[in-house]
Structures are given as structure tokens and as C-alpha cells.
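The values are calculated or read from the model by the stated rules, or taken from the named source; none is laboratory data. Not measured: the values here are computed from a predicted model. Positions of Cβ are backbone-derived with ideal geometry, glycine not excepted, and every protein chain shown enters the neighbour counts. For accessibility, only protein heavy atoms count, side chains too; no ligands or nucleic acids. Shrake-Rupley method; radii C 1.70, N 1.55, O 1.52, S 1.80 Å.
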Amino acid sequence: MNIIIVEDHDELAREIVTYLSSVGHFCKIKQSCRETLEEIDRNPYDLMLLDLGLPDGDGLDLLKVVRKEYNKMGVIVITARGELDDRISGFQLGADDYLTKPFALTELGARIFAVVRRMHGFTLNELSIHGFSIQLQDYKVKHGENAIALTKKEFDVFQYLVLNKNRVVTRLQLTEHLWGDILELNADSNFIDVHVRNLRKKLEHYEKLDWFETVRNVGYRINE
Amino acid sequence: MKFKHQVAVFSILTRIVLIVVLWFVLPVLVEKVVFRHITTSLLEKKEKFIRNLDNEEITNFLSDNSMDDTYASFSKLHSEFLQLSRLPDNQLVKQHTVFVTEPRIIEKEENEYRILQYFFKYGGKSYLLEIGNNLAQVKDLYFVIRFFTVAVLIGLVVLTFLLEAFYIDYLLRPFYKIIDLKIRHIDNPETYNKTVIQTHSDDFKELDLALNQMMERMQDVIRKEKQFIANVSHELLTPIAILKNRFENLLQNDSINDEGQEKIVSSLRTLDNLKKIINNLLLISKIEHHKFLSDETIVLRELLDELLEELDDRIKDREITVVSELQHDYRFMGNRTLMHILLFNLLGNAIKYNRKAGRIVLADGFKNGMYWLSVTDTGQGIPADQMETLFDRFTRINLQVEGQGLGLAIANSISRFHNCSIEVHSVVDEGSTFTIRFQSPEKAN
């Protein structure tokens, strides 16, 4: 997928590119509104990651132009909290989603997946991994014809790990994905382990889980 | 004691002193005035009598009552008398006048008289002329004057006192208005009302002006501080984002061994803490900056159910029993996200600081028509010396329990944003109760 990253902090943009390239996307970094408009005029992109604080203008104006003239392009707004007035949600701005800095790269990956799925009219409804299929529209997991009863949190953990397959996902990333980041109390929690343990127990019933790794002291990884 | 009461007490005391002094001084003054008046009139009468006096007359006077060489005449009601008597010849008399006050019996009636005694010689003979003025009437008059004067004075005192009280009250009204509107009810300098308070006293105008100026300076300082927090937070969040994503990418690198990975994870955790502190400070700053809307109907019971579900694994992990004694279905207008955070922090603390297999009791009710909601835990409690700083930023009750000490500061800001207050009641080793008191009257059943 072609992704244009509009971000004036070069170092941050490059880290994002490192991640997105590693999961198979093609990326280009632009640092200003003008450059971005020139670039999208020249080349087609599926998705734009847009930082609102740009040196030569308001990211919001750029967003309006994109919405009007390139309405097939998905836009995920990236903001630093405080920049965006909380009275206006990112969605009201016309973005498909928004993330506040700092965010986990795995979270970005999951959001991109969701936006792209929506852009394609929800034609993709299933993720498959080692004989399991994750039904995205009704939050169910099946193995062959057998439905596996997972709790919502177990489902979320499974989906998140599958979306970020072949990467180590840290406990912190999983925690933040499940409970959001307002929590003061879960920075070091092991509650995620409980959910993963339960999930594994349920999946083990059907398959050997040697592809579902626990990376000691770090987190988990699902290999394809 | 209030200023107007001090003034009132002072003016009452001075007036009492005035009345007492007059009560004692008045008779002396009146006596003096009346005696002078009597003296003058007695002297006049004497002059008149002497001027018209000749030998024949004396003889006539005396011959009328020739038996004892005394002539006496008195008015019908014994208010005055005049008496001329002949003195024995051998008594040598020098011509002189004296005044005496003594009782006399006239027609068997004894009265106090002021008497002019005039000793003189006439035709080689000595005489004594006495003209007396009855003092009984004067004494009556004293009393009347004294009574009347004091009565009038008391009347005047009461009247002027009331007038004074009203006037002082009127004068001080702007003063209390300033205190009420500009000091007491201001808990946020940003909502300070700069309207000039109407007053005729320059002193209060000056006070009002000085207060306005002070508040403006404070507003400025606060505005700058908030701007500063916002800027700093923003500037800090970008480098954190860079580090976080760099570490995340680094973690995928196969060449890094277990030890390296562990260090990266712990760096990520540190960054996460840093991010949360900054975000929480920003949140407080934004709440206090009134950057949130308050236009959602919040069904408290729904919100609590949602939170309990969210916290379910933590509650189970610590084997805590949650008891709901909620009796009302309270709804109010507010900001749902913020209320979520507030209740999350209270419930989170009730779990975090509870003992294993403890209890959390949710209760609610109405006091004076105002709704309250309480969260009670069976935890370690809060020592009395920490109560005061409980809601300050970076206060932590138990350093063993992980946290940043911003949870209650945020809870407090959010409750103030919603016009609520949070009360804490705690017994060490037994537990704590946090009560949110809603200030607005009931909006729904």
C-alpha cells in the first residue's frame, strides 16, 4: 500500500517509515503542505498520515483539500495533545481516524488496517492464522467449523497480535490497546498475561501453539 | 466584631455617658440659672420697694400691724412674701444685703424660701427688709426639666442611633458586595468578574480597583503558566514519540539479545510513565482552562457499570467484593469522558489501596436535596497528616503502590469542573470513603 507521511519531525517520520516498510508498505515523507500537495498531485496514495502542526500552514486546511479532491485517500491525523482542542474530535475534522503522539507503532498498524478495511467497504471480514479464522464483523474466532468462545478482551488480544504478526508486541502495547492510555495503574500490570494465558488455553484445544510465542520479559509474538 | 457593630457599640457608649453626665449636671446648672434669676428678681423688687419708701410709708406699714413692729405681706399662694421689721435700736446695723435659703412658716405652711435680707437705717432707726421666693415650685420645675430633657435625649439617641446604623449599613454595603462577589466566590481567577461595584465611598472604589488590578495580574500569571504547561508538554511529547517508536523498532531487531531486549522494554516503560505524567498534567491544565464541554447527559449508574466491567480483572485479581447500595438513578449534564476518568481514578484507588479479599461499597443518597455518591474501601486508610495534601499533585499515600500521584489531583479538577466537591473520610487500617457531592439540585429521579 502507498502511504504518504506528512510530518515535519524528520526523526519521527523515519521511525514510522521503518515500521511501515517492515510490514510491507511503500512510504514517502513530506514535511510541508506545499510539498505534500505537489506529491499527491503527481502520485497516487492510498493513505495519508497527517501531522497537524506543519511549518507552512495548517494541517487542517490540507485535510480539507484532500477530502475534497482526493476522497479515495484515507487520512489518519497524528496530533500532539494540546494542539487539537478536545472539543473537536478528530473525526469531526474529516479524518478517518486520529492518533495522539506518542503512539505505539503496533497501534498505528492496527488503525491503518481498520481504515483500509473500511475504505474497501468491509470486503475483508476474516483474518486467518494457522487454521484459525478471526471473524472481524462479529468478533468471533473459529477453527474449522468450531466456534471458540472468547471474551472480548481475549478476542482483542488475538486480533491485535495477528494484525502485528511476526513482530514482538510488548505487554505495554497490548495494555494500551485494551484499556487506552488514561490509566495510571496498569503501566506494569500483568493482567494482560492472564488474558493471554486464557486465550492460549482455549486455542491450544485445537492446535499446537508453537507459533504463539512468549518473549520473556517483553511480550508476545505470533509468527505466520 | 464587625466594623458596623464596633461603631454602634462606641456610639451607644458615648451616648450613655452623655445622658448620665447630663442627669447629674443638669440640676446643678438649672439651680444656678434659676437662683440667678430669683436673685435678680428679688433685687429688682427690693429696689422698687426702697425707691418708693419714705418715712410715712414705713410708719404706715408698721402702724398697720403696730403690735410687733413688723409688716408682712405675701401672695395668695405663698409663692412670695415681703416682710419689713424694725430691729431693736441697740443693734447697730450697717447697711447690707444677704441671701439665705431657709424654711419659713407662713400661715402654718412650711416652705423652703430663697430670701433676700436687707439691713438698713432709716430716720435713725434700723430695719430689716426680707423678700422671699418660694422654692417648692422651682424644685418641681427641676424635676420636670430633668425628666423632659432626658426623655428628649433618649429619643434623640435612639433616633440618631438608628439613622446612623442604617447609614453605616448603606455605606458598607459595597464593601460586603466586594468581599462576596470578588473574593469569597472566586475559586478560579479566570472566571473573575471585573464589573465595578457601585459605591459612593472612595475607599471602597480604591479597594475594588486594587482587587481588580491584583486579579488581572494573577490571571496573567495563571494564563502564562497554563500556556507554559501546554507548550512544554507539546515540546516534550514529540521527542518521547521519537524515542518510543525508535525503541519499538529496535525491539524487532534479531541481533539484540535477551538482556538488550529487557533494557529496551524497561526504557519503553519509563517513557510511558513520562508520557502519562505529561498527559495528566495537560489534562489538569485543560480542565482548569475550561477546554471541555459539559453538554452530555450522564447516567451515573450506566457509567459505573461500564467502569466496573472495565476494572473487572483487577477486582477479581485482588478477590475484592463490590457491593452496590445505589438507590437512585441520578442523571446530570457534564462531560462523560471526564466523569469516566474521575470515577475510574476513585475506583482504581479503591482497588489499588484495598487489602486482598477486601470490599468496595458504592452508596448514594440526597442531602439537602443534593445528590451524593460514595466509594468506600477496606484498605489501609489515609493518615490524618496526609489528608491536607491528598488532592495536591504528586501526592502518594503508599510508595509501594505504583502510581504518579496525579489521580486525585485530576479527580479534584474534574469534580470542580462539574461543580462538585470530593470529601474524604478515612480511618487508618480500616479504609477510606470518598464522597462526591453534586452541587446542582436533582435533575432526574
* Those residues of the stretch A:34-81 for which accessible area with every protein chain present is at least 30 Å² below the isolated value (1.4 Å probe) -> A:A80, A:R81
* Asked: Ignoring ligands, DNA and RNA, what percent of the accessible area of the stretch B:89-234 is carbon or sulfur (1.4 Å)?
  -> 61
* Asked: For chain B, what is the mean residue ellipticity at 222 nm derived from helices alone (per DSSP H run of n ≥ 4: -39500 (n - 2.57); sum divided by total residues; nearest 500 deg cm²/dmol)?
  -> -18500 deg cm²/dmol
* Structure fact -> FRET efficiency for B:N193 and B:I168 from the Cβ-Cβ distance with R0 = 25 Å, rounded to 0.05, comes out at 0.45
* Asked: B:Q386 to A:D193: FRET efficiency via 1/(1 + (r/R0)^6), r the Cβ-Cβ distance, R0 30 Å, to the nearest 0.05?
  -> 0.35
* Label-point gap, in nm, between B:N253 and B:M214 - each point 7 angstrom along Cα→Cβ -> 5.9
* **Whole-number D in µm²/s for the stretch A:103-195 (Stokes-Einstein; Kirkwood sum over Cα pairs; 4 °C, 1.567 mPa s)** => 91
* Structure fact -> Once all protein chains are kept in place, B:Y176 shows an accessible area at probe 1.4 Å, nearest 10 Å², of 70
* To do: Give the total of Lys-Lys pairs in the stretch A:126-222 with Cα-Cα distances below 15 Å; include a pair only if its members are 8 or more places apart or on different chains.
  => 9
* Between beta-carbons, use under 14 Å as the cut-off and find the net charge around B:F434, counting Lys and Arg +1, Asp and Glu -1. => -1
* Which number comes out as Rg/Rh for the stretch B:142-259 once both Rg and the Kirkwood Rh are worked out on C-alpha atoms? -> 1.59
* Structure fact -> Cross-link reach from B:K108 to lysines, straight Cα distance under 24 Å and at least 8 residues apart if same chain, gives B:K76, B:K139
* Determine the shape class of the stretch B:280-374: with a ≥ b ≥ c the square roots of the Cα gyration tensor eigenvalues, call it rounded for a/c under 1.5, and otherwise prolate if a/b is greater than b/c, oblate otherwise. => oblate
* Please name whichever of B:V25, B:I277, B:V299 sits farthest to the positive end of the charge dipole of chain B, dipole taken about the Cα centre and charges placed at Cβ: Lys and Arg +1, Asp and Glu -1. => B:V25
* Asked: Counting only protein heavy atoms and using a 1.4 Å probe, what share of the accessible area of the stretch B:295-438 belongs to carbon plus sulfur, as a whole percent?
  -> 46
* Asked: Averaged over all directions, how much area does the convex hull of the C-alpha atoms of the protein assembly as shown cover when projected, in nm²?
  -> 54.7
* For the stretch A:189-216 versus the stretch B:272-321, the gap between their alpha-carbon centres in whole angstrom -> 29
* Shape call, chain A: gyration tensor on alpha carbons, a/c limit 1.5 -> prolate
* Find the accessible area per residue for the stretch B:202-288; the probe is 1.4 Å, ligands and nucleic acids are left out, and the unit is Å². => 53
* Structure fact -> Checked the stretch A:2-119 with the C-alpha gyration tensor, a ≥ b ≥ c its square-rooted eigenvalues, rounded below a/c of 1.5, otherwise prolate if a/b is larger than b/c and oblate if not; verdict rounded
* Where labels lie 7 Å past Cα in the beta-carbon direction, separation of A:R42 and B:F24 in nm -> 11.1
* Under 14 Å from the Cβ of A:E35, count the other residues' Cβ atoms, weight Lys and Arg +1, Asp and Glu -1, and hand me the total. => -4
* Can you give the alpha-carbon Rg of the stretch B:3-142 over 2.2 N^0.38 Å, where N counts its residues? -> 1.54
* Label-point separation (nm) for A:V65 and B:K177, each offset 7 Å from Cα along Cα-to-Cβ? -> 5.7
* Structure fact -> What the Cα atoms of chain B span along the principal axes, largest first and in whole Å, is 160, 45, 39
* Asked: For the pairing of chain A with chain B, what total accessible surface becomes buried, with a 1.4 angstrom probe, in square angstrom to the nearest 100?
  -> 4300
* Asked: Taking Cα centroids, how far is the stretch A:1-40 from the stretch B:228-245 in Å?
  -> 20
* To do: May I ask you to derive the relative contact order of the stretch A:2-119, considering only C-alpha pairs under 8 Å and at least 6 residues apart, and to give it as an integer percent?
  => 23
* With the contact rule set at Cα under 8 Å and sequence spacing of 6 or more, what percent relative contact order holds for the stretch A:126-222? -> 27
* For the stretch B:202-288, what is the convex hull (Cα atoms) projected area averaged across all directions, in square nanometres? -> 6.8
* To do: Between the alpha-carbon centers of the stretch B:346-385 and the stretch B:78-147, tell me the distance in whole angstrom.
  => 100
* **Proximal lysines to B:K182, defined as alpha-carbon separation beneath 27 angstrom and excluding residues fewer than eight positions away on the same chain** => B:K2, B:K4, B:K194, B:K205, B:K224, B:K226, B:K286, B:K291
* In percent, how large is the relative contact order of chain B, given Cα pairs closer than 8 Å and 6 or more residues apart? -> 9
* To do: Would you list, by chain and number, the lysines whose Cα falls below 18 Å from the Cα of B:K244, excluding same-chain residues fewer than 8 positions away?
  => A:K101, B:K263, B:K275, B:K276
* Expressed in nm to one decimal, what extension gain is obtained for the pair B:A136 and B:N273 from 0.36 nm per residue of sequence separation less their Cα-Cα distance? -> 38.9 nm
* Of the accessible area of chain A, with the probe set at 1.4 angstrom, what percent is carbon plus sulfur? -> 47
* **Dipole magnitude of the stretch B:290-375, debye to nearest 20 (Cβ charges: Lys/Arg +1, Asp/Glu -1, about Cα centre)** => 460
